[in-house]
1. What residue, of 31, 61, is part of a loop (DSSP other than H, G, I, E, B), under 17 Å from residue 239 (Cβ atoms) and within 16 Å of the ligand (Cβ to nearest atom)?
2. Determine whether the range 137-156 contains at least one residue that is part of a strand (DSSP E or B) and more than 21 Å from residue 200 (Cα to Cα).
3. Across the range 97-124, what is the total count of residues that are within 15 Å of residue 251 (Cβ to Cβ) and either more than 12 Å from the ligand (Cβ to nearest atom) or among the aromatic types (Phe, Trp, Tyr) (or both)?
4. Give the range 312-322 a look and list any residue that's within 13 Å of the ligand (Cβ to nearest atom) and either more than 13 Å from residue 296 (Cα to Cα) or more than 19 Å from the chain's Cα centre (by Cα) (or both), or say none.
5. Can residue 259 be described as of a type in the set (S, T, N, Q) and either crowded, with 18+ Cβ neighbours inside 10 Å or within 16 Å of the ligand (Cβ to nearest atom) (or both)?
6. Consider residue 48 carefully, then state whether it is more than 16 Å from the ligand (Cβ to nearest atom), assigned to a helix (DSSP H, G or I) and buried (at least 18 other Cβ atoms within 10 Å of the Cβ).
7. Restricting attention to the range 261-283, does a residue exist that is touching a strand residue (DSSP E or B) at 6+ places or on another chain (Cβ under 7 Å), over 21 Å from residue 57 (Cβ atoms) and not small (Gly, Ala, Ser)?
8. Kindly indicate whether residue 336 is assigned to a strand (DSSP E or B), over 24 Å from residue 225 (Cα atoms) and within 16 Å of the ligand (Cβ to nearest atom).
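The values are calculated or read from the model by the stated rules, or taken from the named source; none is laboratory data. All values reported here derive from a predicted model rather than from experimental measurement. Here the Cβ positions follow ideal geometry from the backbone for every residue, glycine too, while neighbour counts run over all protein chains shown.
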Amino acid sequence: MNQVFAGLPVTVFEAMSQLARDNNAINLGQGFPDAPGPEDIRRAAADAVVDGYNQYPSMMGIPELRQAIATHYAHWHGLNLDPMTEVMVTSGGTEALTSSLLAVIEPGDEVVLFQPMYDSYLPIIRQAGGIPRLVRLQPPGWRLNEEMLREVFSHKTKAVVFNNPLNPAAVVYPREDLELLARFCQEFDAIAICDEVWEHIVFDGREHIPLIAIPGMRDRTLKIGSAGKIFGLTGWKIGFVCAAPPLLRVAAKVHQFLTFTTAPNLQVAVAYGLGKPDAFFHGMRSELARSRDRLTAGLTSLGFPVLPSQGTYFLTVDLSALGLNETDEAFCRRIVTEHKVAAIPVSAFYEVNAVTSVVRFCFSKNDATLDAALERLSDAIHR
Ligand code: GLN
């Protein structure tokens, strides 16, 4: 069998959700809300199933969704995307990433990545024959700097994968870092594959800036988004890739043989959702920020050292100062079996065998769920 995949563990998100089910635990691991999602958007999907069409939609996505994506990004970020040649709908953010990576990387190409990184990047890069050049970001800021980029970028660099807002570190990168990365991409003629699935989940008045909007990046960036994240409907698996035609054309050749297309009725509903007024998105942000604050306050009062969360569904805690004498993985295994709360060990976001002391909790939950989890964790760090 193929050694890249045969040697892989089951993705931590699935493994932890399975452990949560097995142990009847509250699942603060995999990132998904426990609210059912906006009713009008779900209703639009239901109507489209019953009254709409249910046959193969066009491979690139239904025209009204491609138009809605272009209009949405024009409105929010001033981007000027041609819906027919620069926007593609995929079956989720993960497929968008895989289509983009396979479209760009050839054997021997170097690819710059920042750890912590989402666990799908590395196996796909390896399968494509790419050579990862890993940068380790440092807490608590997780910021980029000139020295770290100078170390990994070279004339062999084909691409950089950049996740902003960053899961699991919950950082929203400021313009300064984006401009720095853009400068390196241009100096070394590299393509940026930007995982921006958390673009709308930003807090405290922060603004997400897409790398594709930074001068010099328009024609060398593949921008990836996810309706599942934007609307809290993670099971829908509707993603997007936006890129200049020479890049998108090739990503589409991969997409056509990975999934070919995506459920048309859900596409109709996402097209409707993307046009909702700004107040909807701001309301969602403040709701999630409130949940973040509730979990932060609760964990802090239990003695957990909580790191700040600027965006995403997640916050992290650094266990190193607690003297627990266990890895993040052992801690997560213990709390899911003994305390019935699932979380994600951040070591899963590093190249194999990295040990960290950081654990990620998902806060996109009802107050009652968060309170019950806190109750169960009350003696987790006093052994
Ligand atoms: N992005 C989600 C998370 O970080 C997981 C998505 C998945 O499991 N495929 O929790």
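1. Result of the check over 31, 61: 31.
2. Looking through the range 137-156, none of the residues is part of a strand (DSSP E or B) and more than 21 Å from residue 200 (Cα to Cα).
3. Of the residues in the range 97-124, the ones within 15 Å of residue 251 (Cβ to Cβ) are 97-106, 124.
If we keep only those that are either more than 12 Å from the ligand (Cβ to nearest atom) or among the aromatic types (Phe, Trp, Tyr) (or both) too, we end up with 99-106, 124.
Count: 9.
4. Within the range 312-322, 312 is the sole residue that qualifies.
5. yes
6. The answer is yes for residue 48.
7. No, there is no match, as no residue in the range 261-283 is touching a strand residue (DSSP E or B) at 6+ places or on another chain (Cβ under 7 Å), over 21 Å from residue 57 (Cβ atoms) and not small (Gly, Ala, Ser).
8. On the way: assigned to a strand (DSSP E or B): no; over 24 Å from residue 225 (Cα atoms): yes; within 16 Å of the ligand (Cβ to nearest atom): yes.
Here the answer is no, as residue 336 does not meet what is asked.
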